[in-house]
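Undergrad: What follows is a structure written as structure tokens; I'll ask about it next.
The values are calculated or read from the model by the stated rules, or taken from the named source; none is laboratory data. Because the structure is predicted, anything quoted here is derived from the model rather than measured. Here the Cβ positions follow ideal geometry from the backbone for every residue, glycine too, while neighbour counts run over all protein chains shown. The accessibility values were calculated without ligands, DNA or RNA, using every heavy atom of the protein model including side chains. Shrake-Rupley method; radii C 1.70, N 1.55, O 1.52, S 1.80 Å.
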Amino acid sequence: MIIPVVIYFFIFNYLPMAGLVMAFQNYKIGNGVIGIFTGEWVGLKWFKRFFDSIYAGRLIRNTFLLNFYSLIFGFPIPIIFALCITQIRNKFLQKGAQVITYLPYFISTVVVVGMMTNFLSPSTGIVNQVIQAFGGEPINFMSEQGWFRRLYVISGSWQSFGFNSIIFVAAIMGISNDLYEAMIMDGANLRQTIWHLTLPMIRPTIVLLLIMSLGNILNVGFEKVFLMYNEAVYETADVISTYVYRQGITNQSYSYAAAVGLFNSVVGFTLVSVANRLSRKLSDTAIW
């Protein structure tokens, strides 16, 4: 049963790693696949070009901030929701609330961005209609730099918090009822039970997911940013993945794009390793 999974990861995750050598070569598309292994070696030329460019600082800052804000504001919400949903005693209401909050996760990113564009339209969007009804001026949310990060984080949290809460709900459900009964017999109220029993019991799950999230601190979802951004908001919206797309696909600078992508991956791996090591020392919980 595991053979299809192994084949999938080999073809789409491990086999493409051979192309990383392009980051150290002057690869030309006309050389074909053979050119990946026979191209002119240029060392760290493309890495130096990236760090010397005027875009490096902006790209790293935007990528980091989008993920940092998503982590700060988006990571606790599934935990809080899981704590709330497990307190609902009516099973029908509990399952209904879970299904309703899971559904947005299965909506296509294209559809989500399309909904945002329609709702936030400066002329026909319902949000601006409400603003105007209260005497305000319409806001072009999708073309103002200051709104991009807020819209990205809010829409991402709305779309994923229900689905991300599944693992926390499962962890909470796995806590023995005997422990809750002992807390009640000791006179603990709901707040004390959550703080001194539920959260400590699911702490290993929280730590593991946090470590995995830190590894993606420089990996912003390309599709959503690509659909949301435009030249007017490049200053706050342009990230490493969209820059790699423009350099590799649009400008056909494959070696340069490979170098930038490799830098992104190395930083992510380093962050995961550091976070895993710190977690092991501080809490004895780690991925490896």
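Undergrad: Quick one: is Ile85 closer than 22 Å to Leu199 by Cα and open to solvent by 30 Å² or more (accessible area, probe 1.4 Å)? Outline the logic, then answer.
TA: Numbers: closer than 22 Å to Leu199 by Cα: yes; open to solvent by 30 Å² or more (accessible area, probe 1.4 Å): no.
Answer is no for this residue.
Undergrad: Continuing with this model, one more query. Residues that are charged (D, E, K, R) and surrounded by fewer than 15 Cβ atoms within 10 Å (Cβ to Cβ): which helices (runs of 4 or more DSSP H) entirely in the stretch 155-271 hold 2 or more of them?
TA: By residue number, 177-185.
Undergrad: Looking at Glu235, is it on the phi < 0 side of the Ramachandran plot, among the acidic types (Asp, Glu) and touching a residue at least 24 places away in the same chain (Cβ under 8 Å)?
TA: yes
Undergrad: Take Arg150 and tell me if it is open to solvent by 80 Å² or more (accessible area, probe 1.4 Å) and either outside any helix (DSSP H, G or I) or hydroxyl-bearing (Ser, Thr, Tyr) (or both). So that I can check it myself, show each step before the final result.
TA: Values: open to solvent by 80 Å² or more (accessible area, probe 1.4 Å): yes; either outside any helix (DSSP H, G or I) or hydroxyl-bearing (Ser, Thr, Tyr) (or both): no.
Spelling it out, it is not the case that Arg150 is open to solvent by 80 Å² or more (accessible area, probe 1.4 Å) and either outside any helix (DSSP H, G or I) or hydroxyl-bearing (Ser, Thr, Tyr) (or both).
Undergrad: Of the residues Tyr27, Tyr8, only one is not β-branched (Val, Ile, Thr) and not in a helix (DSSP H, G or I); which? Outline the logic, then answer.
TA: On the way: Tyr8 fails: not in a helix (DSSP H, G or I).
Going through Tyr27, Tyr8 in turn, the sole match is Tyr27.
Undergrad: Filter the stretch 214-242 down to the residues that are within 30 Å of Leu278 (Cβ to Cβ) and aromatic (Phe, Trp, Tyr) and list them by number.
TA: Phe222
Undergrad: Of all residues in the stretch 272-288, which are open to solvent by less than 60 Å² (accessible area, probe 1.4 Å) and more than 13 Å from Met212 (Cα to Cα)?
TA: Ser283
Undergrad: Could you tell me how many of the residues in the stretch 20-47 are touching a strand residue (DSSP E or B) at 6+ places or on another chain (Cβ under 6 Å) and at pLDDT below 80?
TA: Adding up the residues that qualify gives 1.
Undergrad: Something else: Would you check which residues across the stretch 225-249 are out of contact with any helix residue (DSSP H, G or I) (no Cβ under 9 Å at 6 or more places or on another chain) and under 19 Å from Phe68 (Cα atoms) and list them?
TA: If the condition is that a residue be out of contact with any helix residue (DSSP H, G or I) (no Cβ under 9 Å at 6 or more places or on another chain) and under 19 Å from Phe68 (Cα atoms), then no residue fits.
Undergrad: Taking Gly43, is it free of Cβ contacts under 8 Å to residues at least 24 places away in the same chain, of a type in the set (Gly, Ala, Ser) and either farther than 19 Å from Gly248 by Cβ or in contact with a Lys or Arg (Cβ under 6 Å, 6 or more places away or on another chain) (or both)?
TA: When the stated conditions are applied, Gly43 passes them.
Undergrad: Could I ask something else about it? I'd like to know if the stretch 4-19 contains one or more residues that are at pLDDT 90 or above and touching a Phe, Trp or Tyr at 6+ places or on another chain (Cβ under 6 Å).
TA: Checked the stretch 4-19: no residue is at pLDDT 90 or above and touching a Phe, Trp or Tyr at 6+ places or on another chain (Cβ under 6 Å).
Undergrad: Check whether at least one residue in the stretch 277-284 is under 15 Å from Arg49 (Cβ atoms) and outside any helix (DSSP H, G or I), and report yes or no. Please lay out each step first, then the result.
TA: Going residue by residue through the stretch 277-284, those that are under 15 Å from Arg49 (Cβ atoms) are none.
Looking through the stretch 277-284, none of the residues is under 15 Å from Arg49 (Cβ atoms) and outside any helix (DSSP H, G or I).
Undergrad: On the basis of being touching a helix residue (DSSP H, G or I) at 6+ places or on another chain (Cβ under 8 Å), under 19 Å from Ile217 (Cβ atoms) and open to solvent by 90 Å² or more (accessible area, probe 1.4 Å), does Phe73 make the cut?
TA: Yes; evaluated as a whole, the condition is true for this residue.
Undergrad: Filter the helices (runs of 4 or more DSSP H) completely within the stretch 30-103 down to those with at least 3 residues that are farther than 30 Å from Phe161 by Cα.
TA: Values: elements: 35-38, 45-52, 56-74, 76-85, 91-102.
In the stretch 30-103, the matching helices (runs of 4 or more DSSP H) lie at 35-38, 45-52.
Undergrad: So is Val110 open to solvent by 30 Å² or more (accessible area, probe 1.4 Å), within 20 Å of Ser160 (Cβ to Cβ), hydrophobic (A, V, I, L, M, F, W, C) and in a helix (DSSP H, G or I) or not? Break it down into steps so the answer makes sense when it comes.
TA: Working: open to solvent by 30 Å² or more (accessible area, probe 1.4 Å): yes; within 20 Å of Ser160 (Cβ to Cβ): yes; hydrophobic (A, V, I, L, M, F, W, C): yes; in a helix (DSSP H, G or I): yes.
Yes; evaluated as a whole, the condition is true for this residue.
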